[in-house]
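The values are calculated or read from the model by the stated rules, or taken from the named source; none is laboratory data. Here the structure is a predicted model, which is why all the values come from computation and not from measurement. FYI the Cβ positions are ideal-geometry reconstructions off the backbone, even for glycines, and counts take in every protein chain you see. Ligands, DNA and RNA are excluded from the accessible area calculation, which covers all protein heavy atoms including side chains. Shrake-Rupley method; radii C 1.70, N 1.55, O 1.52, S 1.80 Å.
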Amino acid sequence: MKFCPWFSWEDRKDIPLSEMPGIYLLSITKKNLAGSLPDWKDVSYIGMTNSRQGLIGRWQQFFNSIRGKPGHSGGNAVFDDLKHYDQWDKKLFVAAMPIECNVVSPSKQDLIKMGWVAYLEYEAFAKCVASNSKPKYNTR
């Protein structure tokens, strides 16, 4: 699995191909992870999307949830634990693995790639668990 380096939450729109579907890792930490490669021990949440809005759209749903609006199960779990994002004493980082495909008018190959996204999310869970870590805010 090849994720981009960690980006600070404020710089998430700078992640290349973030308008595409894909899987993503979130880290909520006091460390400064920006620019470093993800390590499973730093992962607080693993997510995926195949939506037309891509990763950026899914991250917006998460952001809304950590500010008290429902819409993202992981974001709701984080909000229940840490409350409103503006009150945190920790930083939020994101790393992603976008998958280039057309979700608006998908071809056979695009549909296969969308299936990869679902598979890769489970592969990420498996790798995380194999490293003796579990994302705190995933409820599965």
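At a glance:
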quantity: Descending Cα extents along the principal axes, segment 40-103, whole Å; calculated: 38, 28, 15
quantity: Area accessible to solvent at S131, 1.4 Å probe radius, in Å²; calculated: 50 Å²
quantity: Rg/Rh (Cα only; Kirkwood hydrodynamic radius) as it applies to the chain; calculated: 0.95
quantity: Links that overshoot a 19 Å alpha carbon limit, given the list K13/K83; K13/K91; K41/K90; calculated: K13/K83
quantity: Cα-projected label distance for N132 with D39, points at 7 Å along beta-carbon direction, nm; calculated: 1.4 nm
quantity: Mean Cα-pair separation over length for the chain, i.e. relative contact order, pairs under 8 Å, 6 or more apart, %; calculated: 34 percent
quantity: Protein accessible area in the chain, 1.4 Å probe - carbon and sulfur %; calculated: 53 percent
quantity: For segment 62-140: rounded, prolate or oblate by the Cα gyration tensor [a/c cutoff 1.5]; calculated: oblate
quantity: Distance between segment 1-57 and segment 83-101 - C-alpha centres, whole angstrom; calculated: 6 Å
quantity: Gain upon complete extension [R67, N102; 0.36 nm per residue less C-alpha separation]; calculated: 9.5 nm
quantity: Under the Karplus curve 6.51 cos²θ - 1.76 cosθ + 1.60, θ = phi - 60°, whole-Hz ³J(HN,Hα) for segment 17-30, x wherever Gly or Pro sits; calculated: 6, 5, 7, 8, x, x, 10, 8, 10, 10, 10, 10, 7, 8
quantity: Solvent-accessible area of E121 with every protein chain in place, 1.4 Å probe, in Å² to the nearest 10; calculated: 10 Å²
